[in-house]
Amino acid sequence: MKKICVIGLGYIGLPTASVFARAGYEVLGVDVNQKVVDSLNEGKVTIEEVNLPELVKEVVAKGNLKASVSPEKADVFIIAVPTPIHEDHRANVDYVEEATKSILPYLEKGNIVIVESTIPPRTMDDLVAPILKEGGFDPYNDIYVAHCPERVLPGRILIELIENTRIVGGLTPEAAKKAGDVYRAVITGDVVETEAVTAEMSKLMENTFRDVNIALANELAKISARLGVNAHDVIKLANKHPRVNIHLPGPGVGGHCLAVDPYFIVEKAPEESPLIAESRRINNSMPDFVVEQVKRLTAELDHPVVAVAGLTYKGNIDDIRESPAMEIAHMLLDNKRYDVRITDPHVSEDQVHFNLQSFSDAISGANVLVVLVDHDEFKQIDQQELIEKMATPVVFDTRNCTGIDNPGITLYRIGDLKKLTAIQQG
Ligand SMILES: NC(=O)c1ccc[n+]([C@@H]2O[C@H](COP(=O)([O-])OP(=O)(O)OC[C@H]3O[C@@H](n4cnc5c(N)ncnc54)[C@H](O)[C@@H]3O)[C@@H](O)[C@H]2O)c1
């Protein structure tokens, strides 16, 4: 039975390691964070993901999954470390570099090395391969090196790891085949083999496609606010065209994928990617747009109480990385005009370094409730409670998720600010 070493035990590495361990492989999970390693060896997880705690407990108890701060000899090495961006939006591939170097002392001819981290185009050829070469291996002959990007949806990771189609880009066709076989043994989805650079670009273009389309919807929302149009009606009608699918506008794009990956392309081909770069700028401008609408909604009040619901970058997860909701919360907190009360049932205070309240406390006495995340809890808001507890039952639903229909509540949405425009135009 093959031994697999998974480097990086975060949202991707830990579920991946657990899935291979469940299939009977001997898996060593490696992380530089001692806390993550210690928890895992106790059968506990440090991240929130559906059904993961149960699976980890099971595979650790069976002895199939162990954790350590350093790698060991294995047949397959899977690298799933972060690839964030620097302040200036350049890719930070330092973790990939470190992780690749960390396996060198344990690597042997015939091993398979897979990078799952999302990486800028040509990283496998220009960064990973040279490191392996310096370590004394010919990356095109001695070992099988491939990029296999991950496209799972947080909240459904354990399902999608098994069911999604995997793209496996090898430095050589043989490497693609060998790495593909690693996944074929445990997943039910298709495994498609290609070249490393094509796999890198395909992953980046998936997220770029979505980012650009969200930017278009956000631009429509801004145009609609200017012209007094309901963008949601426009989208509904336009999407009746058989080949049109306009996305929904929102408070911005967050997370470590959609808000990051397009920059990897822009960095490598800036002249050729003005649309991608502009889409990033449009989506980055949405937190300002939201705060501007909160200002308009509370213009008549001296010290408005603003309840903020949701901090994560998307619904039903605990991840606040690159979250536009966090940016909006900070902007509101920094403005002393507002008394800001923040609630998020999926986020703890040590993640955010400011006070959090229960939903009920946050809305009590509030002049406006700004919903920034489509958590299930906010999709089932008790509308009567809003009427009873808020000072003025006004909701700004930036995710179009609350389904508020009680005439006692004034509802605004991104893309549907007609009422506000009408009030202010007198
Ligand atoms: N989370 C997602 O939904 C998702 C989806 C698709 C792709 N990705 C990509 O997968 C990669 C991993 O993302 P993640 O969300 O799992 O990150 P994460 O931050 O949740 O976890 C990464 C882990 O790697 C560890 N680490 C960092 N450097 C290390 C090293 N040199 N050796 C060992 N461990 C190290 C960190 O301590 C951390 O625990 C990124 O490139 C990301 O863009 C993530």
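The values are calculated or read from the model by the stated rules, or taken from the named source; none is laboratory data. As the structure is a computational prediction, the values presented were derived from the model and not from experiment. Cβ: placed from backbone, ideal geometry, glycine included. Neighbour counts: every protein chain shown. All accessible areas refer to the heavy atoms of the entire protein, side chains included, with ligands and DNA or RNA removed. Shrake-Rupley method; radii C 1.70, N 1.55, O 1.52, S 1.80 Å.
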Complete set of residues in segment 206-224 that are open to solvent by 40 Å² or more (accessible area, probe 1.4 Å), in contact (Cβ under 8 Å) with a residue 12 or more places away in the chain and either at positive phi or among the hydrophobic types (A, V, I, L, M, F, W, C) (or both): 216
Residue in segment 96-115 that is farthest from the ligand (Cβ to nearest atom), counting only those that are touching a residue at least 60 places away in the same chain (Cβ under 8 Å) and touching a strand residue (DSSP E or B) at 6+ places or on another chain (Cβ under 6 Å): 112
Qualifying residue in segment 115-122 (condition: among the polar types (S, T, N, Q), touching a Leu at 6+ places or on another chain (Cβ under 9 Å) and at pLDDT 95 or above): yes
From 10, 24, residue being within 16 Å of the ligand (Cβ to nearest atom) and within 26 Å of residue 180 (Cβ to Cβ): 10
Residues that are over 19 Å from residue 399 (Cβ atoms) and open to solvent by less than 30 Å² (accessible area, probe 1.4 Å), drawn from segment 328-351: 338
Among residues of segment 173-182, those that are open to solvent by 30 Å² or more (accessible area, probe 1.4 Å), free of Cβ contacts under 8 Å to residues at least 60 places away in the same chain and within 18 Å of residue 124 (Cβ to Cβ), counted: 3
Test set (1) out of contact with any Asp or Glu (no Cβ under 6 Å at 6 or more places or on another chain); (2) assigned to a helix (DSSP H, G or I) - residue 282 fails condition number: (1)
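Please verify whether residue 271 is part of a loop (DSSP other than H, G, I, E, B), out of contact with any Lys or Arg (no Cβ under 6 Å at 6 or more places or on another chain) and either open to solvent by less than 10 Å² (accessible area, probe 1.4 Å) or over 18 Å from residue 326 (Cβ atoms) (or both), treating the condition exactly as stated. Lay out the reasoning, then the answer.
On the way: part of a loop (DSSP other than H, G, I, E, B): yes; out of contact with any Lys or Arg (no Cβ under 6 Å at 6 or more places or on another chain): yes; either open to solvent by less than 10 Å² (accessible area, probe 1.4 Å) or over 18 Å from residue 326 (Cβ atoms) (or both): yes.
Spelling it out, residue 271 is indeed part of a loop (DSSP other than H, G, I, E, B), out of contact with any Lys or Arg (no Cβ under 6 Å at 6 or more places or on another chain) and either open to solvent by less than 10 Å² (accessible area, probe 1.4 Å) or over 18 Å from residue 326 (Cβ atoms) (or both).
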Breaking point among (1) polar (S, T, N, Q); (2) away from the ligand (no atom under 16 Å from the Cβ); (3) assigned to a helix (DSSP H, G or I), for residue 194: (3)
Residues (over 21 Å from the mean Cα position of the chain (by Cα) and β-branched (Val, Ile, Thr)) located in segment 90-122: 100, 103, 112, 113, 114
Segment 234-265: number of residues that are more than 16 Å from the ligand (Cβ to nearest atom) and either in the same structural domain as residue 399 (by TED's automatic domain parsing) or within 25 Å of residue 313 (Cα to Cα) (or both): 10
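Using the structure shown, decide if residue 185 is in contact (Cβ under 8 Å) with a residue 40 or more places away in the chain, within 19 Å of residue 107 (Cβ to Cβ), away from the ligand (no atom under 12 Å from the Cβ) and not basic (Lys, Arg). So that I can check it myself, show each step before the final result.
Values: in contact (Cβ under 8 Å) with a residue 40 or more places away in the chain: yes; within 19 Å of residue 107 (Cβ to Cβ): no; away from the ligand (no atom under 12 Å from the Cβ): yes; not basic (Lys, Arg): yes.
It is false that residue 185 is in contact (Cβ under 8 Å) with a residue 40 or more places away in the chain, within 19 Å of residue 107 (Cβ to Cβ), away from the ligand (no atom under 12 Å from the Cβ) and not basic (Lys, Arg).
Every residue, every condition in (1) in contact with a Ser or Thr (Cβ under 9 Å, 6 or more places away or on another chain); (2) outside any helix (DSSP H, G or I), yes or no:
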{"position": "366", "(1), (2)": "yes, yes"}
{"position": "386", "(1), (2)": "no, no"}
{"position": "392", "(1), (2)": "yes, yes"}
{"position": "395", "(1), (2)": "yes, yes"}
{"position": "399", "(1), (2)": "no, yes"}
{"position": "402", "(1), (2)": "no, yes"}
{"position": "406", "(1), (2)": "no, yes"}
Residue, modelled with the lowest pLDDT, within segment 34-68, restricted to residues that are surrounded by 14 or more Cβ atoms within 10 Å (Cβ to Cβ) and in a loop (DSSP other than H, G, I, E, B): 48
Selection count where residues are part of a loop (DSSP other than H, G, I, E, B) and surrounded by 11 or more Cβ atoms within 10 Å (Cβ to Cβ), scope segment 225-244: 4
Count - residues of segment 281-323 that are open to solvent by less than 60 Å² (accessible area, probe 1.4 Å) and within 16 Å of the ligand (Cβ to nearest atom): 10
